[in-house]
Amino acid sequence: MTSYGLPVSELLAKPTSVDHFGSVQYTRNDTYELRYALIWPVDAPDASTPIFLFCAQESPITSVAPGSGFYSSLANSTAALQIWPEHRYYAEAEPYTPADDFAHFTVEQSLVDHIELVLYVQSVYNLTTNPVIAIGSSYSGQLSSYLRMRYPDVIAGAISSSPTSFGCPGLGLDPSYDPYGFAKVATWAASSEGGSADACPANVQEFFQTIFSLANTSDGLNQINTDMNLCSDSMVSSYDQVNQTLAQYVQMQWVSAAQYNAPVANLGTAGVPAYRVRVACDLLSNSSLEGSDLLAAMVDALAVFTANVSIANGCLDITGATAEPEPEPPGTASAPASYIAALAPAAAPEAAPASAAQPELSSSQKFGYQVCNQDQTPTSFDGVTDMFYDAPFSLDGNDEQCLEQFGIHAQYNWAAYNFGLSAVRQSSNIFFTNGIYDPFIACGPTVNISATITVAVYEGCHAYDVGTPMPEDPPSVTAARNQGAALIAQWVQEYLVMQTQLPMSNAANMFQLNYALGGYTQVVNDTLPGSKILRNQTLLEPSAEYSNSADAMV
């Protein structure tokens with residue numbers, strides 16, 4: 001499973017329990033195929049080399065580019081095996097996702113998916129004494145920190161880039177979470193302190209005040225349509241439409257631009273410039289802008305964020321039909337062609353056609369379910385401390401939306417109940433990172449929590465530090481990466497020293513269990529009836545024994 005001079009990738013699958021916590025777990029047969037990628041280093045791992053667990057993301061594994069980014073390169077240079085699991089329910093078809101209407105679509109279930117997969121891989125490849133480092137960004141960054149907090153016997157340390165773990169009430173923060181912080185950071189990115197034109201925030205704020213004023217009359221609505229050159233299906237005809245479509249579109253374009261305000265061009269979409277917020281603000285740098293001139297300048301600024309796609313038809317489209325897709329976090333946007341070829345999925349069973357009443361949800365819609373269920377991050381705008389307009393977060397409105405879309409009530413306190421600040425403080429070996437332009441920095445830690453739970457803030461955007469190093473990277477980004485690499489080396493060394501002092505290592509060999517179905521939550525060994533069948537694992541592609549010889553090239 002290796003080659004001479006190049007890492008080798010495999011796309012595999014493992015039967016996994018749909019429900020790790022059910023009361024009938026010893027007799028249950030409800031499973032699905034958990035897909036995962038293994039990326040073997042050039043040099044054969046030994047007992048001292050780590051395993052890097054790249055936590056699952058909110059999209060199919062074939063679209064997250066396993067094998068890319070800074071920490072993947074670090075894995076190759078340290079002979080670390082890489083494990084890239086696919087998140088349950090995000091696979092493109094059965095049998096690679098449970099078919100139970102999201103009944104077991106929870107963070108807790110996903111965490112055990114990760115743990116059982118790690119223990120299985122360690123057992124199969126005789127790597128049971130190797131330390132495991134969890135790595136993730138954004139949502140997967142939350143998972144990496146949760147894994148270290150909940151399963152420290154398996155996870156030796158965690159890298160958590162741009163998580164939103166602290167963006168909810170009830171965590172015990174001092175000061176407490178500020179729901180207006182998100183908008184304040186987006187405004188800061190557009191200010192002179194963030195490197196943008198002085199007049200930009202005031203002009204953005206004036207834009208919103210102008211369109212809301214014009215929306216009170218039919219003549220004003222016509223002026224908005226004309227001055228902004230709105231496409232026919234984007235035109236506004238009422239105050240409510242201005243508020244619910246146009247204003248929200250402009251607001252979220254600026255917020256997203258701040259989130260991905262990268263020091264490099266083409267992040268997410270070809271043609272988007274480096275420091276996109278600064279470039280857009282240059283078009284709003286005239287402090288005398290007002291009325292029609294201000295509305296027209298805003299159209300030009302918005303086009304920067306979409307590389308002119310939003311005005312490709314000669315008019316401004318705010319429906320999303322030509323809008324820029326949200327960029328993948330750096331480090332997952334692209335991967336070496338050899339990796340992508342190696343991870344091309346095998347032919348999967350055809351899925352039953354979705355009914356008209358229940359169409360297949362997109363990845364973003366599935367994540368919307370997760371947000372409603374467990375990942376709430378209330379964000380508010382006021383138009384006073386930020387450059388936007390008064391739009392406070394509505395608990396009732398959000399709950400109604402979750403109920404309408406998914407049939408569930410919004411859960412605001414899940415993170416506080418499960419991973420409050422006290423739980424974080426009692427943990428160790430977690431490295432949080434955040435970019436200063438990213439509005440989600442308001443939802444993550446910005447100062448060290450303890451001697452072993454540390455934080456780096458760098459000049460960059462959302463999850464930028466986990467991406468592939470670029471010549472344009474500011475020194476603080478390089479410093480954050482170096483700090484992460486140094487901490488991993490420290491955690492690995494501490495783990496290896498601890499092994500010499502204890503008569504047992506981690507859970508993978510502690511009880512000599514067969515970790516296949518329910519291995520972590522369901523104690524199964526050869527003394528239990530039926531346990532032999534749990535050894536049968538499904539591979540999507542045939543796999544040879546691990547070798548580091550030139551013969552493996554063929």
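The values are calculated or read from the model by the stated rules, or taken from the named source; none is laboratory data. Since this is a predicted model, take the numbers as computed values, not measurements. Neighbour counts run over all protein chains shown; Cβ positions are idealised from the backbone, glycine included. Areas reflect the complete protein model, heavy atoms only, side chains present, ligands, DNA and RNA absent. Shrake-Rupley method; radii C 1.70, N 1.55, O 1.52, S 1.80 Å.
Can you tell me how many residues within the stretch 413-427 are surrounded by fewer than 17 Cβ atoms within 10 Å (Cβ to Cβ) and among the hydroxyl-bearing types (Ser, Thr, Tyr)?
2
May I ask you to say which residue of Tyr125, Tyr96, Tyr120 is farther than 22 Å from Lys366 by Cβ, open to solvent by 10 Å² or more (accessible area, probe 1.4 Å) and in contact with a Leu (Cβ under 9 Å, 6 or more places away or on another chain)? So that I can check it myself, show each step before the final result.
Working: Tyr96 fails: farther than 22 Å from Lys366 by Cβ; Tyr120 fails: in contact with a Leu (Cβ under 9 Å, 6 or more places away or on another chain).
That would be Tyr125, the only listed residue that is farther than 22 Å from Lys366 by Cβ, open to solvent by 10 Å² or more (accessible area, probe 1.4 Å) and in contact with a Leu (Cβ under 9 Å, 6 or more places away or on another chain).
Scan the stretch 103-111 and tell me whether some residue there is part of a helix (DSSP H, G or I), open to solvent by 20 Å² or more (accessible area, probe 1.4 Å) and small (Gly, Ala, Ser).
Narrowing the stretch 103-111 to residues part of a helix (DSSP H, G or I): 107-111.
If we keep only those that are open to solvent by 20 Å² or more (accessible area, probe 1.4 Å) as well, we get 108.
From the residues that got through so far, the ones that are small (Gly, Ala, Ser) too are none.
No, the stretch 103-111 contains no residue that is part of a helix (DSSP H, G or I), open to solvent by 20 Å² or more (accessible area, probe 1.4 Å) and small (Gly, Ala, Ser).
Give the stretch 69-83 a look and list any residue that's outside any helix (DSSP H, G or I) and open to solvent by less than 10 Å² (accessible area, probe 1.4 Å), or say none.
Step one: list which residues in the stretch 69-83 are outside any helix (DSSP H, G or I), which gives 69, 78-83.
Gly69, Ala80, Leu81, Gln82, Ile83, listed by residue number.
Kindly indicate whether Asp219 is over 28 Å from Cys461 (Cβ atoms) and acidic (Asp, Glu).
Numbers: over 28 Å from Cys461 (Cβ atoms): yes; acidic (Asp, Glu): yes.
Here the answer is yes, as Asp219 does meet what is asked.
Of the residues in the stretch 374-396, how many are outside any loop (DSSP other than H, G, I, E, B) and modelled with pLDDT of 95 or more? If you could, list the steps in order and put the result at the bottom.
Filtering the stretch 374-396 down to residues outside any loop (DSSP other than H, G, I, E, B) leaves 381-382, 390-391, 395-396.
From the residues that got through so far, the ones that are modelled with pLDDT of 95 or more too are 381-382, 390-391.
Final tally of qualifying residues: 4.
Would the stretch 235-245 turn up any residue that is closer than 22 Å to Thr319 by Cα, open to solvent by 40 Å² or more (accessible area, probe 1.4 Å) and of a type in the set (Phe, Trp, Tyr)? Even if it seems obvious, please write down each step before you answer.
Within the stretch 235-245, the first condition is being closer than 22 Å to Thr319 by Cα, and the residues that meet it are 235-245.
Narrowing the set further to residues that are open to solvent by 40 Å² or more (accessible area, probe 1.4 Å) leaves 235, 237-241, 243-245.
Within this subset, residues satisfying the condition of being of a type in the set (Phe, Trp, Tyr) are 239.
Within the stretch 235-245, one or more residues are closer than 22 Å to Thr319 by Cα, open to solvent by 40 Å² or more (accessible area, probe 1.4 Å) and of a type in the set (Phe, Trp, Tyr).
Hand me the list of helices (runs of 4 or more DSSP H) wholly inside the stretch 186-266 holding 3 or more residues that are in contact (Cβ under 8 Å) with a residue 40 or more places away in the chain and closer than 30 Å to Ile441 by Cβ.
On the way: elements: 200-214, 218-227, 247-259.
Qualifying helices (runs of 4 or more DSSP H): 200-214, 247-259.
Of the residues in the stretch 429-468, how many are in a loop (DSSP other than H, G, I, E, B) and open to solvent by less than 30 Å² (accessible area, probe 1.4 Å)?
Going residue by residue through the stretch 429-468, those that are in a loop (DSSP other than H, G, I, E, B) are 429, 436-438, 444-452, 459-463, 467-468.
Among the residues that remain, those that are also open to solvent by less than 30 Å² (accessible area, probe 1.4 Å) are: 429, 437-438, 444-445, 460-463, 467.
Residues in the stretch 429-468 being in a loop (DSSP other than H, G, I, E, B) and open to solvent by less than 30 Å² (accessible area, probe 1.4 Å): 10 in total.
Any residue that is more than 20 Å from the chain's Cα centre (by Cα) and closer than 25 Å to Gln259 by Cα - is there at least one of those in the stretch 428-448?
Among the residues of the stretch 428-448, at least one is more than 20 Å from the chain's Cα centre (by Cα) and closer than 25 Å to Gln259 by Cα, which makes the answer yes.
Tell me yes or no: at least one residue of the stretch 286-296 is open to solvent by 30 Å² or more (accessible area, probe 1.4 Å), free of Cβ contacts under 8 Å to residues at least 60 places away in the same chain and among the hydrophobic types (A, V, I, L, M, F, W, C).
Looking through the stretch 286-296, none of the residues is open to solvent by 30 Å² or more (accessible area, probe 1.4 Å), free of Cβ contacts under 8 Å to residues at least 60 places away in the same chain and among the hydrophobic types (A, V, I, L, M, F, W, C).
Hey, Asn126 hits all of (1) at pLDDT 95 or above; (2) more than 30 Å from Val455 (Cβ to Cβ) but one; which does it fall short on?
The number of the failed condition is (1).
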